[in-house]
Amino acid sequence: MRAEGQEAEVAEATLTEVMAELAELEDPKARAVNEKHGDDHGVNLSKLRALAKRLKTQQDLARQLWETDDTAARLLALLICRPKAFERDELDGMLREARTPKVHDWLVNYVVKKNPHAEELRVAWFADPDPVVASAGWALTTERVAKRPEGLDLAGLLDVIETEMKDAPERLQWAMNHCLAQIGIEHAEHRARAMDIGERLEVLKDYPTSPGCTSPFAPIWITEMVRRHHAKS
């Protein structure tokens, strides 16, 4: 019993220390920038990654950090966790608790994609009535479009995108648009239709794009990535 108590005490102290370190990294200017994107934290992500590198993989600490409901702590948790250690229902609950865009994106990209339950969650989330949860299903589908398209109904996906993307809520619309572009980039037989859907729906056509970056407007995105691919070959 005493050993268990000591272990809990050490873990709690570690959590306290890490939270204190995150508090020291808080930068009001970074918070102001992040809040414009819906992310309520003020920690520079390079410094956060450096802290994660020092802590290495610590699954128990990762779970404790997640439970704090603090955005910076949750981002750190996603960097030091063991992605394959989470159960399906645990990941489902975490996604529904992920309040901010960055936590949502990192959870899907850094953890769920590496978890053995990823495909099961993809199918479940894709059909979820919550548009933010559904956007995770679309993100996982986009991953499959690029890496493991076997078994996917690409024409069917384009049907859904054509019907629903124009009026979809922002996060879901963004995820659908990414899937549209990926189909056009990776699958030449569907490229003309993907380009046509993008041209007609005009989703993200006027999205402000920094110099040197590719527009998220699907026809421009597809054209540029195909051009780069041909330039390399």
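Can you spot a residue in the range 134-144 that is hydroxyl-bearing (Ser, Thr, Tyr), modelled with pLDDT of 95 or more and either over 30 Å from LYS205 (Cα atoms) or in a loop (DSSP other than H, G, I, E, B) (or both)? Looking through the range 134-144, none of the residues is hydroxyl-bearing (Ser, Thr, Tyr), modelled with pLDDT of 95 or more and either over 30 Å from LYS205 (Cα atoms) or in a loop (DSSP other than H, G, I, E, B) (or both). Which residues, counting only those in the range 201-233, are of a type outside the set (A, V, I, L, M, F, W, C), outside any helix (DSSP H, G or I) and under 18 Å from THR142 (Cβ atoms)? TYR207, THR214, SER215, PRO216 - these are the residues of the range 201-233 that are of a type outside the set (A, V, I, L, M, F, W, C), outside any helix (DSSP H, G or I) and under 18 Å from THR142 (Cβ atoms).
The number of residues in the range 75-117 being assigned to a loop (DSSP other than H, G, I, E, B), within 23 Å of MET19 (Cβ to Cβ) and open to solvent by 30 Å² or more (accessible area, probe 1.4 Å) comes to 2.
When TRP66 is tested against (1) farther than 18 Å from THR16 by Cβ; (2) touching a helix residue (DSSP H, G or I) at 6+ places or on another chain (Cβ under 7 Å), exactly one condition is not met: (1).
Checked across the range 187-195, the condition of being in contact (Cβ under 8 Å) with a residue 24 or more places away in the chain and within 18 Å of ALA127 (Cα to Cα) holds for no residue. Screening ARG63, ARG122, ARG88, ARG82 for residues that are among the basic types (Lys, Arg), within 30 Å of GLY156 (Cβ to Cβ) and over 16 Å from the mean Cα position of the chain (by Cα) leaves exactly one candidate, ARG88. Residue count for the range 21-37, restricted to those that are touching a residue at least 12 places away in the same chain (Cβ under 8 Å) and surrounded by 14 or more Cβ atoms within 10 Å (Cβ to Cβ): 6. Taken over the range 168-184, the criterion of being within 10 Å of ALA218 (Cβ to Cβ) and not in a helix (DSSP H, G or I) is satisfied by no residue. Look through the range 165-190, keep the residues that are acidic (Asp, Glu) and within 21 Å of the chain's Cα centre (by Cα), and return whichever of them is least open to solvent (accessible area, probe 1.4 Å). Ranking the qualifying residues of the range 165-190, first place goes to GLU186. With respect to the conditions (1) surrounded by fewer than 18 Cβ atoms within 10 Å (Cβ to Cβ); (2) assigned to a helix (DSSP H, G or I); (3) not β-branched (Val, Ile, Thr), ALA72 falls short on a single one, namely (1).
Taken as a whole, the range 203-218 holds at least one residue that is free of Cβ contacts under 8 Å to residues at least 40 places away in the same chain, open to solvent by less than 80 Å² (accessible area, probe 1.4 Å), of a type in the set (A, V, I, L, M) and on the phi < 0 side of the Ramachandran plot.
The values are calculated or read from the model by the stated rules, or taken from the named source; none is laboratory data. Source: prediction; values computed, not measured. So basically every Cβ, Gly included, is an ideal-geometry build from the backbone, and we count neighbours across all protein chains shown. For the accessible areas, the whole protein counts, side chains as well, though only heavy atoms, and no ligand, DNA or RNA atoms are used. Shrake-Rupley method; radii C 1.70, N 1.55, O 1.52, S 1.80 Å.
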